[in-house]
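Here is the structure we will look at.
Just so it is clear, none of the values below were taken in a lab; they were calculated from the coordinates. These figures come from a predicted structure and were not determined experimentally. With ideal geometry, Cβ positions are generated from the backbone for all residues, glycine too; neighbour counts draw on all protein chains shown.
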Amino acid sequence: MSPTKYIAFNLYGTLLDTSSISKKCGEFLPASANAAAITAEMRKYQLEYTWRITAMGTGKIGLTKGLTHINILNECRQIYENFQEMTREALKHAVAEAGYPLDDSAIEEIITAYDQLTVFKDVPTTLEKLKNIPSIGTVIFSNDLKHFNETVLPFVSVDLVKAFKPFSIVYGHLAKTVGFEDKVLQLWMGSGNPFDVVGARKAGWNAIWVDRAGKGWVDQLGELSSIVTELGGIIDIVSSA
């Protein structure tokens, strides 16, 4: 049976806990440093860098070549750096800003550890249940996927487009990859990141925010389809839609 709906799960912050890198960071910081706070800043800069590098790739288009999909992608590819490099640069930014610059060997140890982030506890059970629902296709869709080996789910990486979420072309790439270009209303984004939820909604998808902290939706740039506080809640919403 071919899927009639697709759930695209974001990786970082949805399936993997980005804050879990704080333990490794703490190994290289003085006891007086707040590793958790520095890790939070690292995550902030990681995302900011992806947005900035994508925006810089698209910003020149109107002045030079005209606004076409081909020109946009060509410009993005010229300055694109992969997600691991964005993470490395964000880490350097965060520790330097906190007053604890690290040498290259420490930076590389932390970056290597980023490939083994903790999987949220509700992930394995949810993904296992979805394997038994043939009407719902499941794919992992994120900025960098090459190191995620916890499941055998198919994945789509933005690395092929050479641009980062929430750029609309990235969501179009996923829709085309799974064969749902003309069925975007049957695409569901499952993400713990508000920018990703809004990006998917602007692309015409449904989008569910995974609000594990239970703080409620406050983003002012768009509305979501639904909120869940644990990943498994997505199954009921999509199944009944």
Q) All other residues with a Cβ under 15 Å from the Cβ of A203 taken together, and with Lys, Arg as +1 and Asp, Glu as -1, what is their net charge? A) +1
Q) Could you give the radius of gyration (one decimal) and Dmax (whole number) of the Cα atoms in region 129-241, in Å? A) 13.6, 37
Q: Under a 10 Å cutoff between Cα atoms, tell me which one of T14, T54, T229 has the largest fluctuation in the Gaussian network model of the chain.
A: T229
Q) Among K44/K92; K24/K165; K165/K215; K92/K215; K165/K202, which pairs are too far apart, with a Cα-Cα distance over 19 Å? A) K24/K165; K165/K215; K92/K215
Q. If amide H atoms are built 1.01 Å from N in the plane of the peptide, which residues on other chains or at least 5 residues away come under 5 Å of the amide H of S157?
A. none
Q. So what's the back-of-envelope 222 nm ellipticity for the chain, counting only DSSP H runs of four-plus at -39500 (n - 2.57) apiece and dividing by all residues, rounded to 500?
A. -13000 deg cm²/dmol
Q) Between F155 and A98, what length comes free when the chain is fully extended (0.36 nm per residue of separation minus the Cα-Cα distance, one decimal in nm)? A) 17.0 nm
Q.
Report the Cα-based extents of the chain along its three principal axes, largest first, to the nearest Å.
A. 54, 49, 33
Q.
Quick check: Cα centre of region 172-210 to Cα centre of region 107-135, how many Å?
A. 20 Å
**Q.** Ranked list, fewest to most other Cβ atoms within 10 Å of each Cβ, for E128, E81
**A.** E128, E81
Q: In whole Hz, with x marking every Gly and Pro, tabulate ³J(HN,Hα) for region 132-142 from phi via Karplus 6.51 cos²θ - 1.76 cosθ + 1.60, θ = phi - 60°.
A: 9, 10, x, 6, 10, x, 10, 9, 8, 10, 7
Q | FRET efficiency for K202 and S32, using Cβ-Cβ distance with R0 set to 41 Å, rounded to 0.05 | A | 0.40
